[in-house]
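A.B. asks: My questions will all concern the structure given below.
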Amino acid sequence: MLKRIKNTNILVHNYEDAVKFYTEKMGFEVHQNFPEQAWVSVIVPGNKEHIITFCLAEKEADKALVGKQCGSYVLFILEVDDCAATREEWKENGVEFDGEMVTYGQGRFVIAKDLYGNKIFAGDSKFFK
């Protein structure tokens, strides 16, 4: 029986740059940092239910996919308490966005870009109800 998805892998060019971006600009926290063992991961603060693991792109085929793993689609979806506040915080931290914040139904969402251009959907908790 299937229970849950535990990890999502993201191809990166550099572990240190990825950790710095996701922690300092987007507010994630380091979960495990063992680059010598090819295991570097972050989590939403305090939530170990879903771990994002950075995978170093070493082969040319992998390097070509960094920032494009999902093509034009979002890489993952984040639920946030307040989309407007999250967007403002990220904007102040230098995060780039793919368009403006959108109101849909009772919630709002925004699509941010990580350091490589991967799209990240962030939506109000209300959006998911």
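A.B. asks: Lys25 passes all but one of (1) in contact with a strand residue (DSSP E or B) (Cβ under 6 Å, 6 or more places away or on another chain); (2) within 18 Å of Ala112 (Cα to Cα); which number fails?
C.D. replies: (1)
A.B. asks: For segment 66-125, give me each residue that is of a type in the set (D, E, K, R), touching a Gly at 6+ places or on another chain (Cβ under 9 Å), surrounded by 15 or more Cβ atoms within 10 Å (Cβ to Cβ) and without any contact (Cβ under 8 Å) to a residue 60 or more places away in the chain.
C.D. replies: Scanning segment 66-125 gives Glu79, Arg108, Lys113, Asp124.
A.B. asks: In segment 26-49, what residues are touching a residue at least 24 places away in the same chain (Cβ under 8 Å), open to solvent by less than 70 Å² (accessible area, probe 1.4 Å) and of a type outside the set (Val, Ile, Thr)?
C.D. replies: Met26, Gly27, Phe28, Ser41
A.B. asks: Which ones in segment 4-41 are of a type in the set (D, E, K, R) and over 19 Å from Val95 (Cα atoms)?
C.D. replies: Of everything in segment 4-41, those that are of a type in the set (D, E, K, R) and over 19 Å from Val95 (Cα atoms) turn out to be Arg4, Lys6, Glu36.
A.B. asks: Here are some residues: His13, His50. Which one is in contact with a Lys or Arg (Cβ under 8 Å, 6 or more places away or on another chain) and modelled with pLDDT of 95 or more?
C.D. replies: His13
A.B. asks: Here is a follow-up. What's the number of the condition Ile52 fails, among (1) under 18 Å from Lys20 (Cα atoms); (2) open to solvent by 40 Å² or more (accessible area, probe 1.4 Å); (3) among the aliphatic types (A, V, I, L, M)?
C.D. replies: Against the list (1) under 18 Å from Lys20 (Cα atoms); (2) open to solvent by 40 Å² or more (accessible area, probe 1.4 Å); (3) among the aliphatic types (A, V, I, L, M), Ile52 comes up short only on (2).
A.B. asks: If you check every pair at least six apart or on different chains, which have Cβ atoms under 9 Å apart with a residue in segment 6-23 that is closer than 17 Å to Lys68 by Cβ first and a residue that is open to solvent by 40 Å² or more (accessible area, probe 1.4 Å) and modelled with pLDDT under 95 second?
C.D. replies: Thr8/His50; Asn9/Gln69; Ile10/Gln69; Leu11/Gln69
The values are calculated or read from the model by the stated rules, or taken from the named source; none is laboratory data. These figures come from a predicted structure and were not determined experimentally. Every residue, glycine as well, gets a Cβ built from its backbone with ideal geometry; the counts of neighbours run over all protein chains shown. These accessible areas exclude ligands, DNA and RNA; they are computed on the full protein's heavy atoms, side chains included. Shrake-Rupley method; radii C 1.70, N 1.55, O 1.52, S 1.80 Å.
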